[in-house]
Amino acid sequence: MMTLVQQVPRASDTARLAAVRVAQVDNIAMPDRETTFEDLQARINATLSFLKAGPRAAFEGREDTAVVAKFGDGERIFTGRSYLLGFSLPNFFFHVTTAYDLLRHLGVPLGKVDFLSWR
C-alpha cells in the first residue's frame with residue numbers, strides 16, 4: 001500500500017487530470033515533492049485552486065468525446081462520461097479513502113462525517 005504522502009498526490013492527480021482530459025483545460029505541473037502534512041495540505045489547496053479556476057462550461061457537451069488516458073502498459077480510450085464515472089471518480093475515492101484509513105490507523109480522530117464533509 002502507498003503511504004499517506006503518496007495517496008494524497010494520487011488523488012490530486014486524478015482530480016486534476018479529469019479536468020485536463022475531459023474539459024481539455026491546460027495542465028499545470030505538480031511534481032510530487034510533498035514530505036510533510038503541511039506539504040500535503042498545500043497540494044490539496046493547489047488542486048482545489050486549479051479546479052476552481054477552470055471554466056465549468058468546458059465540461060459541457062463532452063460526455064461522448066474521446067478521452068485517451070495513457071498508462072504504463074499502454075493507453076485506453078474512454079468517452080468523457082465513462083472516464084469520469086468509470087475511472088476518475090472511483091480512482092479518486094479509492095485514494096481518498098485509503099488516505100482517510102491511514103490517518104484513522106495513525107490515531108487521527110476522524111469519523112464518517114469527516115469523510116463525507118457535509119457538516
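Derivation of every value follows stated rules applied to the coordinates shown; laboratory data play no part. Keep in mind the model is a prediction, meaning the values are calculated, not measured. Positions of Cβ are generated from backbone atoms using ideal geometry, with glycine treated the same way; all protein chains shown enter the neighbour counts.
Of all residues in segment 67-119, those satisfying the criterion of being part of a strand (DSSP E or B) and over 17 Å from residue 19 (Cβ atoms) are 71, 74, 75, 76, 77. For first residues located in segment 48-73 and over 12 Å from residue 24 (Cβ atoms), partners that are among the charged types (D, E, K, R) and lie 6+ apart or on another chain with Cβ distances below 9 Å form the pairs 50/16; 51/16; 63/81; 64/81; 69/21; 69/75; 69/76; 70/76. Can you report the number of residues in segment 61-102 which are hydrophobic (A, V, I, L, M, F, W, C) and either at positive phi or touching a Leu at 6+ places or on another chain (Cβ under 6 Å) (or both)? Residues meeting the conditions: 2.
Filtered by the rule that a residue be under 17 Å from residue 4 (Cα atoms), polar (S, T, N, Q) and either in contact with a Ser or Thr (Cβ under 7 Å, 6 or more places away or on another chain) or surrounded by 14 or more Cβ atoms within 10 Å (Cβ to Cβ) (or both), segment 32-75 gives a lone residue, 47.
Just one of the numbered conditions (1) of a type in the set (Asp, Glu); (2) more than 17 Å from residue 95 (Cα to Cα); (3) in a helix (DSSP H, G or I) is not true of residue 26: (3).
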